[in-house]
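The values are calculated or read from the model by the stated rules, or taken from the named source; none is laboratory data. Keep in mind that this is a model prediction, so the values were computed, not measured. Note that each Cβ is placed from the backbone with ideal geometry, even for glycine, and that neighbours are counted across all protein chains shown. Heads up: the accessible areas ignore ligands, DNA and RNA and are worked out on the full protein's heavy atoms, side chains in. Shrake-Rupley method; radii C 1.70, N 1.55, O 1.52, S 1.80 Å.
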Amino acid sequence: MKAAFLGLGAIGQPMAARLATKAQLAVWNRTRSRADAFARDHGARPAATPRQAAEGAEVVVTCLPTSAEVEQLLDGPEGLEAGLATGALMLDCTSGDPATSRRIQSRLAKRGIAFADCPVSGGTSGAEAGTLTVMVGGDEATFARARPVLEAFGRRIEHMGPVGAGHAMKAVNNALLAVNLEVFGEGFAALVKAGVPARKAVEVLNASSGRSFVSEALVPDRVLTGRWPQTFRLALLEKDVRIALGLLDETGVRGPVLHLVGELFREARATLGENADHVEVVRLIEQDAGVEIRG
Ligand code: NDP
């Protein structure tokens, strides 16, 4: 298979590394040095422009911060669309928004190019291990073509519905991640101030009905240890909550809780900046409460 991967960021890079073991891969990245280094390490072809990456590829995979960057990538004489051949398949693994993806799909369909939104969950470690969950939006035929490609980095690959349905699923998943981080931080700041040892409280929570990925994985690894690795930028999670709020608006569902969480993440993004990790939102709650949740 001839494939191209565009966007070698925190999660794009390990996903591309797995695809490079299954396909003859061309890579493009905005910062060229990252593509060159990747190509050296994984035997891929570095491309100077999105167009050059797409030329000759049966499948192209994109993984950029938002759908806006994906749409822009298509434009211009050196853009992605200029390099895509009729009959090619574009899989967007960005956690993007449904409306932009629907626009991209109808634009590409005019040239006989298939498109599916394929956001992923499982973090950078899941990408390295090839155990991501992939949520696909597209028609049945496109899903069938996409599956063997997505198997390079995904374990559970699910067809969620038409284009946009993958993004909608991903946004709601990440809205829950955001809510869990906030409520964990608030509740546990209070528990520690009330004299309950943090580690014991986490163990009890994880044997009880309030447990979540936050309490089972992120808290023991990061909050209790005071280690804050940068794997998933808080700015990206703030964007995901905004996409989920857009979905609520579109479908006429009131979202008082999610609106508040969106506001808190906007503030956290403004305070901590573009490069802070998502779990660092707990540090802000700790600072505000004057306590640390360690154990
Ligand atoms: P990063 O911020 O680490 O990387 C972003 C990538 O996009 C980089 O390759 C960057 O290039 C490129 N980029 C940024 N702006 C532009 C632009 N204007 N034009 C072209 N390329 C651009 O993000 P992640 O890899 O963490 O995330 C990518 C997507 O995957 C996001 O939608 C995110 O929400 C989602 N995701 C991330 C997860 C994670 O654990 N990190 C988990 C699940 C989903 P450059 O090198 O030049 O900066």
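A few remarks follow.
- Among the residues of the stretch 178-194, the ones that are buried (at least 21 other Cβ atoms within 10 Å of the Cβ) and aliphatic (A, V, I, L, M) come to 3 in all.
- Qualifying position, being more than 16 Å from the ligand (Cβ to nearest atom), touching a helix residue (DSSP H, G or I) at 6+ places or on another chain (Cβ under 9 Å) and among the charged types (D, E, K, R), among R145, R103, R155: R103
- Complete set of residues in the stretch 93-145 that are within 15 Å of the chain's Cα centre (by Cα), hydrophobic (A, V, I, L, M, F, W, C) and in a loop (DSSP other than H, G, I, E, B): C93, C118
- Residue identified as in contact with a Pro (Cβ under 9 Å, 6 or more places away or on another chain), aliphatic (A, V, I, L, M) and open to solvent by less than 70 Å² (accessible area, probe 1.4 Å) among I243, I293: I243
- When M160 is tested against (1) part of a helix (DSSP H, G or I); (2) of a type outside the set (D, E, K, R); (3) open to solvent by 70 Å² or more (accessible area, probe 1.4 Å); (4) touching a Gly at 6+ places or on another chain (Cβ under 6 Å), exactly one condition is not met: (1).
- Complete set of residues in the stretch 1-38 that are within 14 Å of the ligand (Cβ to nearest atom), over 23 Å from G96 (Cα atoms) and in contact with a strand residue (DSSP E or B) (Cβ under 6 Å, 6 or more places away or on another chain): D36, F38
- Output for the stretch 230-269, where each listed residue is small (G, A, S) and more than 20 Å from H167 (Cβ to Cβ): A268
- All positions within the stretch 9-28 that are part of a loop (DSSP other than H, G, I, E, B) and surrounded by 24 or more Cβ atoms within 10 Å (Cβ to Cβ): I11
- Residue check for G137: touching a residue at least 24 places away in the same chain (Cβ under 8 Å), within 16 Å of the ligand (Cβ to nearest atom) and at positive phi: no
- Residue ranges of helices (runs of 4 or more DSSP H) in the stretch 219-295 with at least 1 members in contact (Cβ under 8 Å) with a residue 40 or more places away in the chain, more than 20 Å from the chain's Cα centre (by Cα) and more than 28 Å from S101 (Cβ to Cβ): 281-289
- Residue in the stretch 51-58 that is away from the ligand (no atom under 13 Å from the Cβ) and of a type in the set (D, E) present: yes
- Search result, residues across the stretch 48-86 that are open to solvent by 40 Å² or more (accessible area, probe 1.4 Å) and not charged (D, E, K, R): A48, Q52, G56, P65, A68, Q72, G76, P77, A82, A85, T86
- Residue that is farthest from A47 (Cα to Cα), among those in the stretch 73-131 that are of a type in the set (A, V, I, L, M) and touching a residue at least 60 places away in the same chain (Cβ under 8 Å): A99
- Restricting the stretch 152-165 to residues that are under 24 Å from T231 (Cα atoms) and in contact (Cβ under 8 Å) with a residue 60 or more places away in the chain, the residue that is farthest from the chain's Cα centre (by Cα): A152
- Of the residues making up the stretch 63-83, those that are more than 9 Å from the ligand (Cβ to nearest atom) and either of a type in the set (S, T, N, Q) or out of contact with any Lys or Arg (no Cβ under 8 Å at 6 or more places or on another chain) (or both) are D75, G76.
- Some residue of the stretch 91-107 being farther than 22 Å from D240 by Cα and open to solvent by less than 10 Å² (accessible area, probe 1.4 Å): no
- Restricting attention to the stretch 29-67, the residues that are more than 24 Å from G123 (Cβ to Cβ) and either in contact with a Gly (Cβ under 8 Å, 6 or more places away or on another chain) or part of a loop (DSSP other than H, G, I, E, B) (or both) add up to 13.
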